[in-house]
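K.L.:
Below: one structure in structure tokens.
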Amino acid sequence: METTAHSPWDTDYKGTEPAPVYEPLWHMLQQCLRGFPVASVLDFGCGDGNYAYLMAEEGLRVTGVDSSLRAIEKAVAHGSGKARRPCEFIRQDSIPEDLPDNSFDVVVMLNVLHCLTLKERVDLLVKAKKVLKQGGVLFASVLDEEDESYPRHEWKEIEPNTFDDGTGRLFHFYSRDELAEAFKGFSITECNMLRNIHPEVGRQSALFVLTATNNG
């Protein structure tokens, strides 16, 4: 996943206001972070930094990485006066190679993995494991195949259960049986299903929310 001039996700960050926080997901992440009160966190796919700044307000040291230059520019610009620590933001399509091994207590990937091809998903999780400390935690949310909020029946299927929406953006819909294989480099300690009626389309959105430990 090499860095490119433009990301198909740039259009999601046209406005000046930060994206809204999905409160149920944030509460789950807070529960995970309570085990790491002074943690170093890698927020991969940080978008415009809304969750990164919330974590910084909790006193965590956060490095945010995103493929969208527009998102990173917004993250740097909007900041948070409540943050107890500064956030660092990096524009990169994958986890930067120069990040030290075993350097993060927590890696956060909110709605990221399902936007990649199978090879990209595998490669990204290998890199996440590399930068995580032994005993560190991966917290991730991914689309559940029961999600009804995306019109995938109108899209092109490029890999099993992975669809291109016509703009270059990909969406992979996970089955529960697939999760163990997908995260085989980690020990899944918690897997929750998050359901909600999408306010814009009036149909059910569905996520798996996972906590997984790097046991070396």
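K.L.:
Suppose the filter is surrounded by 15 or more Cβ atoms within 10 Å (Cβ to Cβ) and in contact with a strand residue (DSSP E or B) (Cβ under 8 Å, 6 or more places away or on another chain); does residue 213 pass it?
P.N.:
yes
K.L.:
What residue, among those in the range 1-34 that are farther than 27 Å from residue 195 by Cβ and hydrophobic (A, V, I, L, M, F, W, C), is modelled with the highest pLDDT?
P.N.:
Result: 5.
K.L.:
Separate question: When you look at residue 200, is it modelled with pLDDT under 95, part of a loop (DSSP other than H, G, I, E, B), touching a Ser or Thr at 6+ places or on another chain (Cβ under 9 Å) and surrounded by 12 or more Cβ atoms within 10 Å (Cβ to Cβ), yes or no?
P.N.:
no
K.L.:
Now for a separate question. So, in the range 106-117, exactly how many residues are closer than 23 Å to residue 213 by Cβ and either polar (S, T, N, Q) or outside any loop (DSSP other than H, G, I, E, B) (or both)?
P.N.:
Number of matching residues: 8.
K.L.:
Now for a different question. Taking the range 82-103, which residues are among the basic types (Lys, Arg) and under 14 Å from residue 64 (Cα atoms)?
P.N.:
85, 91, listed by residue number.
K.L.:
Answer yes or no as to whether residue 75 is under 26 Å from residue 212 (Cβ atoms), modelled with pLDDT under 95 and aliphatic (A, V, I, L, M).
P.N.:
Against the criterion (under 26 Å from residue 212 (Cβ atoms), modelled with pLDDT under 95 and aliphatic (A, V, I, L, M)), residue 75 qualifies.
K.L.:
Moving on. Can you tell me how many residues within the range 89-118 are in contact (Cβ under 8 Å) with a residue 24 or more places away in the chain and either out of contact with any strand residue (DSSP E or B) (no Cβ under 7 Å at 6 or more places or on another chain) or under 23 Å from residue 134 (Cα atoms) (or both)? Walk me through it before giving the result.
P.N.:
Start the filter on the range 89-118 by keeping residues that are in contact (Cβ under 8 Å) with a residue 24 or more places away in the chain, which leaves 89-96, 99-118.
Okay, now just the ones that are also either out of contact with any strand residue (DSSP E or B) (no Cβ under 7 Å at 6 or more places or on another chain) or under 23 Å from residue 134 (Cα atoms) (or both), so 93-96, 99-110, 112-113.
So the answer is 18.
K.L.:
Still on this structure: From the residues in the range 122-177 that are assigned to a helix (DSSP H, G or I) and at pLDDT below 95, which one is surrounded by the most Cβ atoms within 10 Å (Cβ to Cβ)?
P.N.:
152
The values are calculated or read from the model by the stated rules, or taken from the named source; none is laboratory data. Owing to the predicted nature of the structure, the values given are computational and were not obtained by experimental measurement. Neighbour counts are summed over all protein chains in view; Cβ atoms, including those assigned to glycine, are modelled from backbone coordinates with ideal geometry.
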